[in-house]
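Below is one structure, written out as structure tokens, with a few remarks after it.
Rule-based calculations on the coordinates, nothing more; no lab input. Just so it is clear, the structure is predicted and the values come from calculations on it, not from any experiment. Backbone-built Cβ (ideal geometry, glycine too); neighbour counts: all protein chains shown.
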Amino acid sequence: MNIRILNAVALLLLSHQVSADTELKMAVERDYQYLESLYHYLHRNPELSFHEKKTAARISKELKQVGFDVTEKVGGHGVVGVIKNGAGPTVMLRTDLDALPVEEKTGLDYASKTQVTDDLGNTVNTMHACGHDIHMAVFAGTARRLASMKDKWKGTLVMIGEPAEERGAGARAMLADGLYTRFPRPDYAMGLHANAVLPAGQIGYVEGYALANVDMVDIHLPGIGGHGAYPHTTKDPIVLAAQIINALQTLVSRELSPLDPAVVTVGSIHGGTKHNIIPDQVHMQLTVRSYTDENREALLTGIKRIAKAQAQVMGFPAEKMPVIKVRDEFTPALYNNPELTARVAGVFKERFGAERIVKVQPVMGGEDFSEYGRVEPKVPSFFFWLGAVNPQAIEIAEKKGESLPSLHSAYFAPLAKPTIQMGVEAMTAAALDLFNK
């Protein structure tokens, strides 16, 4: 008798869960026309980092109209929306707001034709070439769903629109402006990113380190210039640069463990004006990537050591030593809390099927969502990849042996409908699970 009762209760609960899952899916489908219109607006009207005034205003409006208590201008053009819905955990969901100085070449009928003035006074074309418009559409859709489902969860929902992600500055600015003190501190933080190789309808995730520490390093090499026919009267910064470039490669190959991924790339070197003139200075620009804080420090310390040591070996005087500057726009490695990752990935697999939720490899790209999980005491955080590519485009590219347009490409064009719908359903389901268990 007791077993029959338990089985009946189990079937009733399962039926309720199936009904709730179907209800969410249908609600997301009904809402898509609205979200598509929002997505097209955001795509047509991109704004650069630190200039997201109109974008922030639109995201603020989206949150206010569904009942969030909204604060604007947090850390620049940052937006914070809060709904308090009884006792329970605090869940923070984040989107980024900014676009890139890229001229769009997708040919879409809603393609960006926007031109703006950048921080240097140059007129540049602007495009959401990194999918932040997709992120905002998913963000707005998730806000709409959770606000309409307050009878199904208890706790506090914090939703933030972050400026200047592309500059690695927005998260730090919002935290410095009191994100975790002026507003409810989250028990969990979640974010997502459109993926340029996964098909729409799939989700990719990584447990542990998912994205890298990213540093930009400038090296100024002062020298003593002169005639190319009389090199012995000079101190040649071009030869010094060549020696430094070669020696820098030993940092990864000989000073870090072969099991620890790292990259030191010299992306720019400028010096000299004419064939027969040895210049009096050279400028180098580097990108430096790793995962652990220890390896980051080892690489940056090693760059300084090598640059100065090479100058000393070549006999450069003390007043002509290299000047090394690590830029402030540093992005720390993104670490997905293993327990939270397993939990949310389990929710995704149960909802969408295990075949659509794939474990992917970490990448050396950077993402300042990482900042939200590093503030002590650390906030468990999870960041996942949202497949955004037309499956037919993947098939064609594979047959031709070609690469798909990457993030930051002028040709990057997400398949909007399945990408946005999957994102809204996934993020909403994940938040509901965190609120209710």
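Farthest toward the positive end of the dipole of segment 213-326, out of 232, 309, 288, is the Cα of 232, where the dipole comes from beta carbon charges about the Cα centre. Once C-alpha pairs closer than 8 Å and six or more residues apart are averaged by separation and normalised to the residue number of the chain, the relative contact order reads 22 percent. For segment 382-396, the Karplus equation 6.51 cos²θ - 1.76 cosθ + 1.60, evaluated at θ = phi - 60°, returns couplings of 9, 10, 10, 9, 10, x, 9, 9, 4, x, 5, 5, 5, 4, 5 Hz by residue, with Gly and Pro reported as x. Set the Förster distance to 30 Å, then compute FRET efficiency between residue 270 and residue 246 from the Cβ-Cβ distance, nearest 0.05. The calculated FRET efficiency here is 0.95. Straightening the chain between residue 108 and residue 180 buys 21.9 nm, computed as 0.36 nm per residue apart minus the Cα-Cα spacing. Dividing the summed helix terms, -39500 (n - 2.57) for each DSSP H run of n ≥ 4, by the number of residues in the chain produces a 222 nm estimate of -12500 deg cm²/dmol to the nearest 500.
Remark: relative contact order (segment 213-326) = 41 percent; criterion is Cα-Cα distance under 8 angstrom and separation of 6 or more residues. Each Lys and Arg adds +1 at its Cβ and each Asp and Glu adds -1 at its Cβ; summed about the Cα centre, the chain shows a dipole of about 540 debye. Give the distance, in whole Å, between the Cα centre of segment 27-53 and the Cα centre of segment 188-260. That distance is 34 Å.
Using the average count of surrounding beta-carbon atoms within 10 Å as a protection proxy, the listed peptides 80-88, 378-386 rank, highest first, as 378-386, 80-88.
The length gained on full extension between residue 342 and residue 411, counted as 0.36 nm times the residue separation minus their Cα-Cα distance, comes to 21.4 nm. Going from the fewest other Cβ atoms within 10 Å to the most, the residues 47, 165 appear in the order 47, 165. Between the entries [x] 1.05; [y] 1.10; [z] 0.97, the label attached to Rg/Rh (Cα atoms, Kirkwood Rh) calculated for this structure is [x]. Of interest is the spacing of the C-alpha centroids, which for segment 328-359 and segment 407-437 amounts to 13 Å. Taking the inverse of the mean 1/r over every pair of distinct Cα atoms in segment 213-326 gives a Kirkwood hydrodynamic radius of 14.6 Å.
Sparse packing (at most 16 other Cβ atoms within 10 Å of the Cβ) combined with a DSSP loop state is found for the following trypsin sites (Lys or Arg not before Pro) in segment 206-289: 274. Residues whose amide H comes within less than 5 Å of that of residue 226, counting only those at least five positions distant or on another chain, are 278 (H built at 1.01 Å from N in the peptide plane). Packing, taken as the mean count of other beta carbons within 10 Å per residue, orders the peptides 152-161, 314-323 from highest to lowest as 152-161, 314-323.
Taking the inverse of the mean reciprocal distance over all distinct Cα pairs, the Kirkwood hydrodynamic radius of segment 108-246 comes to 20.9 Å.
Proximity of backbone amide H atoms, modeled 1.01 Å from N, is registered between residue 407 and 196 at under 5 Å, excluding neighbours fewer than 5 places apart on the same chain.
Residues whose amide H lies under 5 Å from that of residue 201, counting only those 5 or more places away or on a different chain, are 387; hydrogens are built 1.01 Å from N in the peptide plane. Relative to the current alpha-carbon distance between residue 36 and residue 260, full extension at 0.36 nm per residue lengthens the span by 76.4 nm.
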